[in-house]
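Accompanying notes for the structure given below.
The values are calculated or read from the model by the stated rules, or taken from the named source; none is laboratory data. This one's a predicted model, so the numbers in the text were calculated from it and none came from an experiment. So basically every Cβ, Gly included, is an ideal-geometry build from the backbone, and we count neighbours across all protein chains shown.
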Amino acid sequence: MTVGTGEVPWLPFLRAVIPPDITTVLEPVFASGYVGAGRRVREFEHALEAYLGAPQVLCTSSCTAALTLAYVQLGVRPGDVVLSTPITCAATNVPLIHLGATIVWIDVDAGAGNVTPATLDAAFRAWPHARAAVVVDWAGTPCDYAGLDTVARAHGAHVVLDAAQSFGSTSRGSLLPSVGDFICYSFGPTKMLSSVEGGAVISRDAGAAEAIEAARWYGVERDARSPLEFWDYDIVNPGYRFITNDVFATVGVYMLQRLASRLATHRELAALYRGELERVPGLDIAAVPSDVDPNYWMFTVTAERRSDLLRKLHGAGIHAATPHNRNDRLSCFRHLPAQDLPGATRFADTYLCLPIGPWVRLEDCARVCATIRSGW
Ligand SMILES: Cc1ncc(COP(=O)(O)O)c(C=O)c1O
């Protein structure tokens, strides 16, 4: 791919990475005559449960769908206050608007973009009747799960973890996050684990999981139907069409088998970036706590005169990016109570993410570092 004049090779920031031989595993699915949500979805769920060490994983059509199901299950209703981070994809917060919630923004760490135990505690103290809090693992770096969990328990509050970006990251050695009544993942096109499109929700409460299982398919309790009469069903609580399908699930199983190699690539490139950029004046690498091992889905730095640096990188054909505008500045959220968010402001004004992924060769990574080190 090229940019501008076409003379400069373009190093993409994100791209889909699904090997062409995926067609061989998809052929039998298409030939089977069944491509909806069937046994292959269950296979994907069982593979995810085994990988994460989770009791039950429910696959959905997207992370946005998974988040919606979690919010509905928490009973979010019009007028409820829900605390949430502005440093995220709008998908974290848009479903809350549909449910009529009043979002109150939580501040984040100015260097890394994550909600911290201190900022969560401050938000709960200011809004003690908040129904729940939503936190996000920015760029794939796990939040301080233990600290957030302690704060949430102290306030008797529910937490939703939007782990869309952090599949495969570990915290204190565990792949399964230790915070969140609900944990939501994205398997979207460019995610660390992609099933083309898709997501998943994990509930720590078996009853809530059962309700979500029905809610993701119109509200029908699919497994309760007679095996002989597919159409004989009742709906008590109306749900959604939020389930994934056998085609995406087949891709998901295939990609999960290749995840270790992708994670290793991201971690190798991150180590190279870290080594080369550690002491560059005007640039800071987002801090990573010693007890976490991020997946490095994105590699985040903060920089003085960010737009100058972005211009320089783009001029060299390097797509460094600022994915996701801070949500509190988006028009659809402007009616919400204004908050003083010094950490979010500092982060949003200075962060940028560097290209990282299997399409970035070690020499590409070295070129990005050399371009940055030469100044901007
Ligand atoms: C933090 C976060 N939450 C939610 C989403 C939405 O995921 P999906 O596209 O699977 O709905 C994304 C997608 O980029 C994301 O980064």
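Here Pro177 passes the criteria (1) more than 20 Å from Cys63 (Cβ to Cβ); (2) of a type outside the set (Val, Ile, Thr); (3) crowded, with 16+ Cβ neighbours inside 10 Å except the one numbered (1). For the stretch 262-273, indicate whether the set of residues that are over 30 Å from Ala370 (Cα atoms), assigned to a helix (DSSP H, G or I) and of a type outside the set (D, E, K, R) is non-empty. For the stretch 262-273, residues over 30 Å from Ala370 (Cα atoms), assigned to a helix (DSSP H, G or I) and of a type outside the set (D, E, K, R): absent.
Against the list (1) without any contact (Cβ under 8 Å) to a residue 40 or more places away in the chain; (2) more than 12 Å from the ligand (Cβ to nearest atom); (3) of a type in the set (A, V, I, L, M, F, W, C), the condition Val179 fails is (1). When Ile212, Ile183, Ile202 are checked against the criterion of being in the same structural domain as Leu26 (by TED's automatic domain parsing), over 24 Å from Pro323 (Cβ atoms) and in a strand (DSSP E or B), a single residue qualifies: Ile202.
Selection of the stretch 195-205 for residues being over 12 Å from Cys63 (Cβ atoms) and surrounded by fewer than 24 Cβ atoms within 10 Å (Cβ to Cβ) yields Val196, Arg204, Asp205. Out of Arg306, Arg346, Arg311, one residue alone is within 22 Å of Ala90 (Cα to Cα) and more than 16 Å from the ligand (Cβ to nearest atom). It is Arg346. Within the stretch 182-201, being within 10 Å of the chain's Cα centre (by Cα) and near the ligand (Cβ under 10 Å from one of its atoms) holds for Cys184, Tyr185, Ser186, Phe187, Gly188, Lys191, Gly199. Determine, yes or no, whether Leu259 is at pLDDT 95 or above and either out of contact with any strand residue (DSSP E or B) (no Cβ under 9 Å at 6 or more places or on another chain) or crowded, with 19+ Cβ neighbours inside 10 Å (or both). Taking the combined requirement at face value, the residue satisfies it.
Of all residues in the stretch 19-30, those that are touching a residue at least 24 places away in the same chain (Cβ under 8 Å) have Cβ atoms under 7 Å from Cβ atoms of residues that are of a type outside the set (A, V, I, L, M), 6 or more apart or on another chain, in Ile22/Tyr254; Val25/Thr250; Val25/Tyr254; Leu26/Thr250; Val29/Arg40; Val29/Asp246; Val29/Thr250. Cβ-Cβ contacts under 8 Å between residues 6 or more apart (or on different chains), taken from a first residue in the stretch 54-66 that is in contact (Cβ under 8 Å) with a residue 12 or more places away in the chain and within 10 Å of Cys184 (Cα to Cα) to a second residue that is charged (D, E, K, R) and in a strand (DSSP E or B), are listed as Cys63/Asp162.
Would you mind stating whether Ser226 is at pLDDT 95 or above, surrounded by fewer than 16 Cβ atoms within 10 Å (Cβ to Cβ) and either in a helix (DSSP H, G or I) or among the hydroxyl-bearing types (Ser, Thr, Tyr) (or both)? When the stated conditions are applied, Ser226 does not pass them.
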